Amino acid sequence: DLPATPDTLYRIASISKMMTTLGLMRLVEQGRADLDADVSGYLGYSVRNPHFPLRPVTLRTLLTHTSSLRDDAGYSWQLPVSLQDVLVPGGALYGEGKMWSDRAGPGDYFTYCNLGWGVIGTVMERISGERFDLLMERLLFQPLGIQAGYNPAGLAPAALGNLATLYRKRTVDTEIWNAAGPWNPQVDDYSAKPPVQPVGTATARPGSNATPFSPTGGLRISAPDMGVVMRMLMNGGVHGNTRLLQRTTLERMFARQWT
């Protein structure tokens, strides 16, 4: 029953991917990441589609959903799971290898993939040595002066008090939407108890698995603060008197990548 106001924060789902990209591109501008480098070099283990083993997976193919990764085996795991357990044949969670396309190799074909963004976030952790949610706070939210975060447990009390619960008329993904049914909380229902850090956060090493912080869809932000990001993009990467990103970087981001 709380009113929606300009201060209300919402989990913005896949718009989070663009925000993650802005953070990554700051690392690219700093010379700490190369869009066309093999991500194996960042992660410390071989990341290869076993059906196309000679072709590297790069940040560019991950960013453009052309890496040949698929969501068929899931895209989020609690710590202390490492993405190495998921992506590498023989890993504890590799299973039948359904995360890799057997029809299209890296760069061949666009297929929307959430898992790729978990890999991107993990690479960002490995490059910086910082936990993904804290890294994004430093790279993007603090310089823009906005109240936002990928981790509800890390929000300031005032922001947490303005966090919207999202509802739907089903309780689990596999159910059919029941238009006549009740509204069920889907995410961010902290009416009974506050959010806690993801399991294993205290002991996890940054760079093994960023998916608990959902680089793919977990950002909480208000509409006016999204407007701050929009104005920065419209101003060619400048916020106030500060340049966050070069205009050429944004032109690269918004250029056509695959046809």
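The values are calculated or read from the model by the stated rules, or taken from the named source; none is laboratory data. Note that the structure is predicted; figures quoted are calculated from it, not measured. Positions of Cβ are generated from backbone atoms using ideal geometry, with glycine treated the same way; all protein chains shown enter the neighbour counts. Quick note on the areas: whole protein, heavy atoms, side chains included, nothing else; ligands and nucleic acids left out. Shrake-Rupley method; radii C 1.70, N 1.55, O 1.52, S 1.80 Å.
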**Asked** For residue 225, what accessible area in Å² do you get when you roll a 1.4 Å probe over the heavy atoms of the protein chains, rounding to the nearest 10?
**Response** 30
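Using unit Cβ charges (K, R positive; D, E negative) and no other charged atoms, how large, in debye to the nearest 20, is the dipole of the chain about its Cα centre? Kindly include the intermediate steps, with their values, before the conclusion.
Details: 24 positive and 22 negative charges, 82 e Å.
Computed about the Cα centre, the dipole is about 400 debye.
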**Prompt:** Counting only protein chains, not ligands or nucleic acids, how are 77, 100 ordered by accessible area (probe 1.4 Å), most first?
**Reply:** 77, 100
**Prompt:** What does the accessible area of residue 146 come to, in Å² to the nearest 10, when a probe of 1.4 Å is used?
**Reply:** 20
**Asked** How large are Rg and Dmax for region 1-75 when only the alpha carbon atoms are used, in Å?
**Response** 16.8, 56
**Request:** Can you send over the solvent-accessible area of residue 51, 1.4 Å probe, protein chains only, in Å² to the nearest 10?
**Result:** 100
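When Rg is the radius of gyration of the Cα atoms in region 147-204 and Rh is its Kirkwood radius, what does Rg/Rh come to? Before the final figure, lay out each step's value.
Working: Rg = 14.3 Å, Rh = 13.4 Å.
On the Cα set of region 147-204, Rg over Rh gives 1.07.
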**Complete:** In whole Å, largest first, the alpha carbons of the chain cover along the principal axes 55, 48, 40
**Calculated P(r) of region 151-259 - Cα pairs past 23 Å, %** = 55
**Message:** Give the aspartates and glutamates whose C-alpha is closer than 18 Å to that of residue 98, dropping any in the same chain fewer than 8 places away, or say none.
**Reply:** 71, 72, 85, 108
**Request:** Enumerate the calculated ³J(HN,Hα) couplings along region 141-156 in order (Karplus 6.51 cos²θ - 1.76 cosθ + 1.60, θ = phi - 60°), each rounded to whole Hz, writing x wherever the residue is Gly or Pro.
**Result:** 6, 5, x, 8, x, 10, 9, 7, x, 8, 9, x, 5, x, 6, 4
**Fill in**
Taking the dipole of the chain about the Cα centre (Lys, Arg +1; Asp, Glu -1; charges at Cβ), the one of 164, 116, 257 that reaches farthest to the positive side is 257
**Request:** Jot down the per residue volume, in cubic angstrom and as a whole number, of the convex hull over the alpha-carbon atoms of region 33-171.
**Result:** 153
**Item:** Accessible area (Å², per residue) of region 30-187, counting only protein heavy atoms and a probe of 1.4 Å
**Value:** 47
**Asked** Quick one: ranking 70, 247, 11 by accessible area, 1.4 Å probe, largest first, what do you get?
**Response** 247, 11, 70
**Request:** May I ask for the distance between the Cα centers of region 210-247 and region 58-98, given as a whole number of Å?
**Result:** 26
